[in-house]
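In what follows, a single structure is set out as structure tokens and then discussed.
The values are calculated or read from the model by the stated rules, or taken from the named source; none is laboratory data. Note that the structure is predicted; figures quoted are calculated from it, not measured. Positions of Cβ are generated from backbone atoms using ideal geometry, with glycine treated the same way; all protein chains shown enter the neighbour counts.
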Amino acid sequence: MIRFEPRGPSSVSRMLGVSIAAALAALLLAAIPMAFAGLSVFEGYSLMVKGAFGSLFAFTEMLTRATPLILTGLAAAVAFRAKLWNIGAEGQLYAGALAAVAVGTGVISAPPYILIPLVVLAGALAGGLVMLGPTLLKTRLGVDEVVTTLLLNFIILLFVQMMLEGPMKDPMGMGWPQSEPILDAAALPKLMDRMRIHWGLVIALVSSLGVYFLLKRTIWGFEIRAVGENAAAARHAGIPVTATFIRVGLLSGALAGLAGVGEVAGLKGYLTADLSPGFGYSGIVVAMLAGLSPAGVVLAALFIASIFVGADSMSRATGVSNYLADLIVAMALLCVLVSGLFLRFKIRFVGSQTNKEAAE
Amino acid sequence: MTDILDILISANFWAAALRIATPLIFGVIGALVCERAGVLNLGIEGIFTAGAMAGWMAVWLGAGLWGGVLVAAMAGAFFGLIHAILTVPLGLSQHVSGIGVTLFATSLSYFIYRTALPDVSSPPRIEAFKPLDIPGLSDLPFLGPALFQQTPLTFLALLLVAITAYVLYRTPLGLAIQAVGDNPAAVESQGLSVYAIRIGTVVAGSAIMALGGAFLTMSAFDAFFFGMVNGRGWICIALTVFASWRPGKALIGALLFGAFDAFQVRLQTEVGSFIPGQLFLMMPYLLSIAALIVVARRADYPRALLVPYFRGQR
Amino acid sequence: MAGLAQDAGVVLRLDGITKRFGALTANGDVSLDLKRGEILALLGENGAGKTTLMNILFGHYVADEGRVMVSPDGTGLSELEPGSPHAALQAGIGMVHQHFTLAENLSALDNILLGTERLAALSSSRAPARRKLEELMARSGLTVSLDARISQLSVGEKQRVEILKALYRDARVLVLDEPTAVLTPQESDTLFATLKKLSDDGLGIIFISHKLAEVLASSHRVAVLRGGRKVADLPTAECDRRKLAELMVGHAIVETMRSPGTPGAPLFVLEKASAGQGRDALREVDLTLKSGEILGIAGVSGNGQTTLARVISGLEPLSSGSMTLEGKGVGQTSARTMIDSGLARIPEDRHHDGIVGAMSVSENLAIEAIRKPENQRLGLLRFSAMRERARNLIKAYDIRCQSEDSPARLLSGGNIQKIVLARTLETVPKVVLAAQPSRGLDVGATSDVHKRLLAARDRGAGVILISEDLDELMRLSDRIAVIHRGHLSEAEASETLDRGSLGLRMAGHSTEDAA
């Protein structure tokens, strides 16, 4: 018989331990599909490690992949902290990218120190506004935000396709549905020569610090935590619950929008409808793996990014499908969910016959 | 105006509506059953994918069509069991677990498909279900082509609605399912196991959902594509709320939805040159959100939905 | 075998039951016999282990030591499988929990039938069940409308359904946990008359209570639990009030005595105030609270008290009428405005509405004033100031916790209530709303709460005390009004009232009837 006994407050080291255990468990479980695909487990993992850390290029590629994941991870973490279930980071990312392209492809011409902030702001604003809709529907009408944010992902992606085949289509694009390229003056500068790593990473790290500071030290953060842990008590104690949800919705959407800005203005240079391979959804895994802590999000994003980059490289070398990466990420989410039990409870396995225990 | 009327009175149109509604009927019934027992199953999108892939692959490997249906249901039951174990005895977040199951089921399906067929560019087709020709009924004017030229899976879906309604309202098991979604303590105090009923219901509901996926590959498209489920699962979650968790209303909701979708496809061919196609493709999602808004104020959620139950704790 | 003679007529035996939760021993070596046709009162204050003991009996918990013996057919005793409500039901044990275990979305009949039929059965056989129940109802006098949905039944009717659930299964032992907590005095009398009749027919009955009067009036035998141990087991005829009270608490009781208040000018006024919908709505309520008095609101739960408390707390707007504090309109908007106007609110459900369990004690002490300059500067929290104030309050209100940084959820109910009292009363409020302030607390914590409320009154605050406990109301209130179906009666000086007339009014009889 299994027994759960509640625990006291969780220490940082125990939270870290739980996340690492979950990540390892997911990697271990991944041995099964690897074997199924006819790949030796040792070879698979060594190829993945090499793919993510084996060279300076591999390492910067991993950081480049981690950039949007940090931002979508933060978007999910800050929303989930308030128990606002924003599953729409994917759509908000595209909205941010679309806004960046709208501002950064020639409508305004200005020097970089004006245009880049404008592009970044436009993307954040677009993402925030997209999340404002479901938030208002939740607070005003009581419509469940899980379903509305999920459905909005599809709507926004279709809207992006419509724009790319219509008004925002690049006339020089040989008929491909893609936007005009971002102006040089609007593009996020590269961090290193001949590498793809760009200033989006700095934006992501600064955002993570900002969210940490917000949650830990400010009134708004206090209110977010109170609303998330017990909305009824927060309301009773005079905390503006509706306003808090709206703030969180705007912030969460804005962070996801920034991820889109980074991808389009830092990495690709133009917008296509396959900009994101599911960064919004992976962000949920990042946030959960991080225990919803902003600092943890950075670490978790690095882990998930190395899985993706490593698996891509492994896939190129062996022909094993890189859907393996998605599989590991999904299993990591389920594992961290289960291992979270060890944070909240002491779990004892009690024999049904000998259930005498020493008095504590 | 006459064009619209023409559409609405054509038997073809209603046949298409029923065809579009079929996977949704499976999905809504599956979701409804889980939620009646108090468990939100956001694994539905992934379970659709798994059902589509597993059913298709079973047939492709030679299991026969009904063998494929069985395999799809078993795949759904497997992922349902994962969700049930995480959310019922372990009491973990139903939202996060559901998303996790969706990611897991989707990526596993894609991985298996890619591993089995590494190099194909165009997806192989299977010999799918054919419309049932029911002597007499299929030849009726209007009703015949509208209702009775469907594949067996459509009839299975309609049958499932009736069976679900009967079980829910007329049998001891149905009473227990309704009670466990309202007040689990009522069930336990009468000597029944809350965990067994919830887990069993979620597994069964997930198997039903998977049939919706199976319909896509084994009755509608004859092949498996990436991204073919395309939000149908989420639409079913919205329709469940719209249907107030009642099987009869779920059928009506799915049919209305199918009719609307069939209508916009036909409208698109009429006015498609003026309006971008994506606007039409958005309609199902927008319609789902609209349906949620319409019922939001009076939605009567099962009282114990999302609330984990731990024994001895009331 | 020795002891055979003692076993005669015993239908249930608890033998050396011990149950620990971590460091806490909820039950220590408790043994108890119940005979056929006997009404046994299980007396003890909150936290004495009564409910835990009955949950072990019914299989919700498994005892660490000891066993439960039953006599399913009225002859020999055999051990009951631990941890299985199903086995308990099979052995003829029926239990009526304090919080009803009914599915609100099903009919009374379906709730009674639930679990009595094979789950694999192809249809539910309601007709024979209905016949058996109609006969049972006629015999016991427990009538309910079988086809009504539970959500449409009154509290008393729900309790009858719960008892019928047990009788339908031919229970030999019936356990009731605090059965009168939600009833008017008159309804309680009817219940005990029914129980008497059932025991005459041979049913063994255990009822859990902390109310001395009903224990003395309605039981054959009393077992007293204190700190998880059985401290007495004796025939009711050999007991009196004082003796039971001392056994229950462990020392002579000093009841909080109220000195008459010195009411001042009208302070807080509700005029023709209506709010909410359905059963618990508030209908055209007039209420005038003066400074320096405690105004008690009596009533059976679900008659509008919750809405009244929500309105005064600023959580629900009035649909019509007005609410004024010192002549100025207040609180049509939010909890914030009520707090800022000088209202202290002690919520009915302190775990749900009173504290954020995952946040620390110091954060919970600061939460209502988090935007005040003492807690923040330019939007940044002043943690050291918050902690220091918390340490002072912990001392002043004797809050037992490891430190001001421990999560509030780890505290006991009494200490959680002290957090709420500390943060609300510390602001020197003009009006105090106390909704069910001592519910679920032990005698020590209750008397603490009462002292705080009287102290607030004595320094000039007006106190509104909503309670279902008539003893508490009579002891603390200067005036008492009765709420029934959302209507509030004229408040009268508590000296002029007695339990009987209050009870009649709680049941909806007018003042003239009661007189």
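A few comments on the model shown:
- Summed over segment A:246-274, the residues that are surrounded by fewer than 24 Cβ atoms within 10 Å (Cβ to Cβ) and in contact with a helix residue (DSSP H, G or I) (Cβ under 8 Å, 6 or more places away or on another chain) give a count of 7.
- Among (1) crowded, with 23+ Cβ neighbours inside 10 Å; (2) part of a helix (DSSP H, G or I), the one test that B:V229 misses: (2)
- Meets criteria (of a type in the set (A, V, I, L, M), buried (at least 17 other Cβ atoms within 10 Å of the Cβ) and either touching a Pro at 6+ places or on another chain (Cβ under 7 Å) or not assigned by TED's automatic domain parsing to the domain that holds C:D147 (or both)) for C:L106: no
- Any hit, segment A:211-223, residues being over 24 Å from C:A358 (Cβ atoms) and either part of a loop (DSSP other than H, G, I, E, B) or β-branched (V, I, T) (or both): no
- Taking the listed residues A:L141, A:L118, A:L151, the one that is surrounded by fewer than 23 Cβ atoms within 10 Å (Cβ to Cβ), under 22 Å from B:L42 (Cβ atoms) and of a type in the set (A, V, I, L, M, F, W, C) is A:L141, with no other qualifying.
- Any pair with Cβ under 6 angstrom, 6 or more apart, that starts in segment C:38-49 at a residue that is touching a residue at least 60 places away in the same chain (Cβ under 8 Å) and ends at one that is among the basic types (K, R) and in a strand (DSSP E or B): C:L40/C:R221; C:A48/C:R226
- Helices (runs of 4 or more DSSP H) completely within segment A:241-348 that count 2 or more residues being touching a residue at least 60 places away in the same chain (Cβ under 8 Å) and within 30 Å of A:A124 (Cα to Cα): A:241-261, A:279-289, A:294-318, A:323-339
- Within segment A:154-171, considering residues that are more than 8 Å from chain B (Cβ to nearest Cβ) and part of a helix (DSSP H, G or I), the one surrounded by the fewest Cβ atoms within 10 Å (Cβ to Cβ): A:M163
- Residues located in segment C:202-230, provided they are more than 24 Å from the chain's Cα centre (by Cα) and free of Cβ contacts under 8 Å to residues at least 40 places away in the same chain: none
- Of the helices (runs of 4 or more DSSP H) lying entirely inside segment C:357-467, those carrying at least 1 residues that are within 13 Å of chain A (Cβ to nearest Cβ) and over 28 Å from the mean Cα position of the chain (by Cα) are C:361-366, C:383-396.
- Which listed residue, of A:V261, A:V298, A:V320, A:V285, is away from chain B (no Cβ under 13 Å) and farther than 30 Å from A:E180 by Cβ: A:V298
- Any hit, segment B:121-140, residues being touching a residue at least 60 places away in the same chain (Cβ under 8 Å), outside any helix (DSSP H, G or I) and within 8 Å of another protein chain (Cβ to nearest Cβ): no
- Selection status of C:E271, on the phi > 0 side of the Ramachandran plot, surrounded by fewer than 24 Cβ atoms within 10 Å (Cβ to Cβ) and either in the same structural domain as C:A434 (by TED's automatic domain parsing) or in contact with a strand residue (DSSP E or B) (Cβ under 8 Å, 6 or more places away or on another chain) (or both): no
- Yes/no for A:M192 being more than 14 Å from chain B (Cβ to nearest Cβ), in contact with a helix residue (DSSP H, G or I) (Cβ under 8 Å, 6 or more places away or on another chain) and part of a loop (DSSP other than H, G, I, E, B): yes
- Residue ID - surrounded by the fewest Cβ atoms within 10 Å (Cβ to Cβ), chosen from residues in segment C:117-138 that are charged (D, E, K, R) and in contact with a helix residue (DSSP H, G or I) (Cβ under 9 Å, 6 or more places away or on another chain): C:R118
- The residue list A:S306, A:S282 contains one member that is farther than 27 Å from A:T139 by Cβ, crowded, with 23+ Cβ neighbours inside 10 Å and either within 12 Å of the chain's Cα centre (by Cα) or of a type in the set (D, E, K, R) (or both), which is A:S282.
- Here C:L502, C:L488, C:L465 are screened, and the one residue that is within 17 Å of C:G261 (Cβ to Cβ) and crowded, with 22+ Cβ neighbours inside 10 Å is C:L465.
- Of all residues making up segment C:334-351, the number that are part of a loop (DSSP other than H, G, I, E, B) and either within 14 Å of C:L287 (Cα to Cα) or more than 30 Å from the chain's Cα centre (by Cα) (or both): 1
The rows are residues; the columns are (1) more than 8 Å from every other protein chain (Cβ to nearest Cβ); (2) free of Cβ contacts under 8 Å to residues at least 40 places away in the same chain.
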{"residue": "C:H86", "(1), (2)": "no, yes"}
{"residue": "C:L106", "(1), (2)": "no, no"}
{"residue": "C:T116", "(1), (2)": "no, no"}
{"residue": "C:S125", "(1), (2)": "yes, yes"}
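- Qualifying residue in segment B:191-210 (condition: facing another protein chain (nearest Cβ under 9 Å), under 24 Å from C:N55 (Cα atoms), touching a Ser or Thr at 6+ places or on another chain (Cβ under 9 Å) and not in a helix (DSSP H, G or I)): yes
- The one condition in (1) farther than 17 Å from C:T18 by Cβ; (2) within 9 Å of chain B (Cβ to nearest Cβ); (3) in contact with a Gly (Cβ under 9 Å, 6 or more places away or on another chain) that C:N46 fails to fulfil: (2)
- Filtering segment A:24-40 to residues that are in a helix (DSSP H, G or I) and closer than 14 Å to A:L327 by Cβ leaves A:A25, A:A26, A:L27, A:L28, A:L29, A:A31, A:I32, A:P33, A:M34, A:A35, A:F36.
- Any hit, segment C:311-329, residues being closer than 16 Å to C:V463 by Cα, among the hydroxyl-bearing types (S, T, Y) and in contact (Cβ under 8 Å) with a residue 12 or more places away in the chain: yes
- Residue tally, condition among the hydrophobic types (A, V, I, L, M, F, W, C) and out of contact with any strand residue (DSSP E or B) (no Cβ under 8 Å at 6 or more places or on another chain), over segment C:341-360: 2
- Residues of segment B:261-292 that turn out to be under 22 Å from B:A220 (Cα atoms), of a type outside the set (S, T, N, Q) and either at the interface with chain A (Cβ under 7 Å from one of its Cβ atoms) or surrounded by fewer than 16 Cβ atoms within 10 Å (Cβ to Cβ) (or both), as a count: 4
- Residue identified as within 14 Å of chain B (Cβ to nearest Cβ) and either surrounded by fewer than 22 Cβ atoms within 10 Å (Cβ to Cβ) or among the β-branched types (V, I, T) (or both) among C:I39, C:I56, C:I17: C:I56
- Filter pass, A:A21 being within 13 Å of chain B (Cβ to nearest Cβ) and in a helix (DSSP H, G or I): no
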